[in-house]
Amino acid sequence: MFTAQDVSKLRATTGAGMMDCKKALTETNGNFDEAIKYLREKGIAAAAKKADRIAAEGAVGSYIHMGGKIGVLVEVNCETDFVAKSDAFQNLVKDIAMQIAAAKPLYVNESEVPTEALEAEKEILKAQALNEGKPEAVVEKMVEGRIKKYYKDVCLMDQDFVKDSSKTITQVVNEAVLAIGEKISIRRFVRYEMGEGLEKRVDNLAEEVAKMSK
């Protein structure tokens, strides 16, 4: 009636959990459009409704990796102090902090990308496409497609979850909203990497080991 690929596609489209997607496809006899409608009525609509609420509680989470070489602070908001202290919310905050450490996003979401940065990236992508010999007529479409990849690289909410690449951070947050029952939003983060921006000495590792052994 439907395949695992159908479930994955529905999950990617709606942000709903795998079991919810399976149930939706079962209830609609594999009809993809009806399954989307079903999920919106049963779950996604509930998450969207919570998006208008005020989320002023939450937690600042941290993650230190590689013996202190990388550090992250992230603020994740929810609606109540009770939820902020729950294991489910705290685990989500830890996962988000780890994601930032591993995937190096620059912004929380697409709306935060400065117009200048976006236009500069488009110019670079356009030049690359033209240098590849692509016809002018298709260059714009190519740039549009590559900008989506750019967003996945630099925007936290668009990135694939490092612990489960079958879903994005947006989907992870949506699932948490439905499970916890409150609005959840990632407000801001900062990521530090030891020596970032400093000129670093590059030595041959074998030579350095040899020097230290003398």
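Kindly indicate whether Glu119 is surrounded by fewer than 20 Cβ atoms within 10 Å (Cβ to Cβ), farther than 30 Å from Asp95 by Cβ and in contact with a Leu (Cβ under 9 Å, 6 or more places away or on another chain).
no
Quick grid of which residues meet (1) at positive phi; (2) surrounded by 16 or more Cβ atoms within 10 Å (Cβ to Cβ); (3) outside any helix (DSSP H, G or I); (4) not hydrophobic (A, V, I, L, M, F, W, C):
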{"residue": "Ile100", "(1), (2), (3), (4)": "no, yes, no, no"}
{"residue": "Glu123", "(1), (2), (3), (4)": "no, no, no, yes"}
{"residue": "Lys141", "(1), (2), (3), (4)": "no, no, no, yes"}
{"residue": "Tyr151", "(1), (2), (3), (4)": "no, yes, no, yes"}
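Considering only residues that are among the small types (Gly, Ala, Ser) and in a helix (DSSP H, G or I), which ones fall in segment 125-139?
Ala127, Ala129, Ala137
Find all pairs meeting these conditions: Cβ atoms under 7 angstrom apart; at least six residues apart or on different chains; first residue within segment 66-90 and polar (S, T, N, Q); second residue part of a strand (DSSP E or B).
Asn77/Glu57; Asn77/Gly58; Asn77/Ser185; Asn77/Arg187; Thr80/Glu57; Gln90/Ala59
Coordinate-derived values only; no laboratory data. As the structure is a computational prediction, the values presented were derived from the model and not from experiment. So basically every Cβ, Gly included, is an ideal-geometry build from the backbone, and we count neighbours across all protein chains shown.
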